[in-house]
Amino acid sequence: EAQVTQNPRYLITVTGKKLTVTCSQNMNHEYMSWYRQDPGLGLRQIYYSMNVEVTDKGDVPEGYKVSRKEKRNFPLILESPSPNQTSLYFCASSSHISGGKLFFGSGTQLSVL
Amino acid sequence: DQQVKQNSPSLSVQEGRISILNCDYTNSMFDYFLWYKKYPAEGPTFLISISSIKDKNEDGRFTVFLNKSAKHLSLHIVPSQPGDSAVYFCAPHGYGQNFVFGPGTRLSVLP
C-alpha cells in the first residue's frame, strides 16, 4: 500500500531534550516536506527536499533540522525543543510528475513542556 | 509575500445547499491547481485538481473552476453534506517548484 509513515504519532517531551520525528515513504517520490499546523495558522512549511541530499528552508525553519540521505526517509530533528514548537506536524511526499498531488502522513502531535 | 490567499477563514452552509470556496494566487507559473481536504487530527487528503489548460473540472459533487486571467479558482460542492465539514486548502503547483498552500477555509455544513 502506498503511504507516508510518520513516527511517533504522539510525543511529549521537555524543553531542550533532542528529538527526531521520522518520516518514510514507499512511493519512490523525489519530493518530501515537513509542515506544522497551529490553530488559525493553516499549514506552514518547515523544510522541504527536492531530492536526495537537496534540502531547503520553508516558511518556518528556525529550531528545526532535516536530512535527506535516502530517497525514502526525511527525518525532522529538533535539537533543543522549546514550548513554542508544540504543534501538529505532517510529513508529505510527491512525485513532480504527479501534477502536484501530495501524500501526507497521519501526523505527529508534539508537546514540549 | 503570500502567493496564495483564501480570504474566507470560515464558511457555514446548510445541508443540501451549494458551498463555494475561493482561492486567489499571484504566481503565473503555476500549472496545476489542487484542493485538499483536512479533518481534525488527520493529514490532508487530495480532493480534486485542475490543470492550467482547462477552466473546469468536475468529480461527482465537486467542481473546480479556474479563471487564469483573474488568477482565481473556486471549489463548488453541490449538494453539501455534513461529512463535507472540514478545512479546505487551495494548493497551486508549478512543475519543479516547491509546493505552496493557502491558509485554508473551514467549512461547516449544518444539518
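The values are calculated or read from the model by the stated rules, or taken from the named source; none is laboratory data. These figures come from a predicted structure and were not determined experimentally. Neighbour counts run over all protein chains shown; Cβ positions are idealised from the backbone, glycine included.
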Can you tell me which of (1) buried (at least 16 other Cβ atoms within 10 Å of the Cβ); (2) touching a residue at least 12 places away in the same chain (Cβ under 8 Å) is the one A:G42 doesn't meet? (2)
Out of A:T5, A:T15, A:T86, I need the residue that is surrounded by fewer than 17 Cβ atoms within 10 Å (Cβ to Cβ), touching a Pro at 6+ places or on another chain (Cβ under 8 Å), farther than 20 Å from B:Y95 by Cβ and modelled with pLDDT of 95 or more. Which one? A:T15
Which one of the conditions (1) outside any loop (DSSP other than H, G, I, E, B); (2) at pLDDT below 95; (3) not β-branched (V, I, T) does A:W34 fail to meet, given that it meets all the rest? (2)
Filter segment B:8-45 down to the residues that are among the aromatic types (F, W, Y) and closer than 13 Å to B:H93 by Cα, then identify the one that is nearest to the chain's Cα centre (by Cα). B:W35
Every listed condition ((1) under 24 Å from B:N98 (Cα atoms); (2) buried (at least 19 other Cβ atoms within 10 Å of the Cβ)) holds for B:T26 save (2)
Select the strands (runs of 3 or more DSSP E) contained entirely in segment A:38-113, then report the ones holding at least 2 residues which are more than 8 Å from chain B (Cβ to nearest Cβ) and under 11 Å from the mean Cα position of the chain (by Cα). A:43-51, A:76-78, A:87-94
Scan segment A:45-58 for residues that are out of contact with any Gly (no Cβ under 7 Å at 6 or more places or on another chain) and either surrounded by 13 or more Cβ atoms within 10 Å (Cβ to Cβ) or in contact (Cβ under 8 Å) with a residue 60 or more places away in the chain (or both) and jot them down. A:S49, A:M50, A:N51, A:V52, A:T55, A:D56, A:K57, A:G58
Give me the residue from segment B:71-111 that is crowded, with 21+ Cβ neighbours inside 10 Å and polar (S, T, N, Q) and, out of that set, nearest to the other protein chains (Cβ to nearest Cβ). B:T105
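Against the condition more than 12 Å from every other protein chain (Cβ to nearest Cβ) and over 21 Å from B:S8 (Cβ atoms), how does B:D55 come out, does it pass? Full working, then the answer.
Details: more than 12 Å from every other protein chain (Cβ to nearest Cβ): yes; over 21 Å from B:S8 (Cβ atoms): yes.
Considered against the rule, which asks whether it is more than 12 Å from every other protein chain (Cβ to nearest Cβ) and over 21 Å from B:S8 (Cβ atoms), B:D55 comes out as yes.
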Complete set of residues in segment A:19-37 that are within 11 Å of chain B (Cβ to nearest Cβ) and of a type in the set (S, T, Y): A:Y31, A:S33, A:Y35
